[in-house]
Amino acid sequence: MSNRVVRWEASHSGNWYAASGPQLNAQLEGWLSQVKSTKRPARAIIAPYAGYTYCGSCATHAYKQVDPSITQGIFILGRRSPSLISTH
């Protein structure tokens, strides 16, 4: 397995999510502060996959149920973005 770091330009910044880091952080914190945790942490969640502008407040309902202090691993399943598929 390669230890290579790959970086992409933030192509949707200011459109699918806030353009500035502090503004994005404030937006995420705002959504998370409005959601209550369940009595026990989730073993698995299903959250929407789209820009935060479209589904951020909905997705935080799922993410809020994750307890980072006891989480051993995170697996993200989803379709591969067409922009990441090489045509060569």
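The values are calculated or read from the model by the stated rules, or taken from the named source; none is laboratory data. Just so you know, these numbers come straight off a predicted model, no measurement behind them. Neighbour counts are summed over all protein chains in view; Cβ atoms, including those assigned to glycine, are modelled from backbone coordinates with ideal geometry.
A compact table of results
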| quantity | calculated |
| --- | --- |
| Selection count, region 46-78, where residues are outside any loop (DSSP other than H, G, I, E, B) and closer than 20 Å to SER13 by Cβ | 8 |
| Top-ranked residue of region 34-55 - restricted to ones that are over 15 Å from ASP67 (Cα atoms) and not hydrophobic (A, V, I, L, M, F, W, C), ranked as surrounded by the most Cβ atoms within 10 Å (Cβ to Cβ) | TYR52 |
| Flag for GLN27 being part of a helix (DSSP H, G or I) and either touching a residue at least 60 places away in the same chain (Cβ under 8 Å) or out of contact with any helix residue (DSSP H, G or I) (no Cβ under 9 Å at 6 or more places or on another chain) (or both) | no |
| Residues that are at pLDDT 80 or above and loosely packed, with under 12 Cβ neighbours inside 10 Å, drawn from region 1-13 | ARG4 |
| Region 14-24 - residue that is part of a helix (DSSP H, G or I) and surrounded by 10 or more Cβ atoms within 10 Å (Cβ to Cβ) and, of those, farthest from the chain's Cα centre (by Cα) | GLN23 |
| Members of region 49-58 found to be under 13 Å from LYS36 (Cα atoms) and of a type in the set (A, V, I, L, M, F, W, C), listed by number | CYS58 |
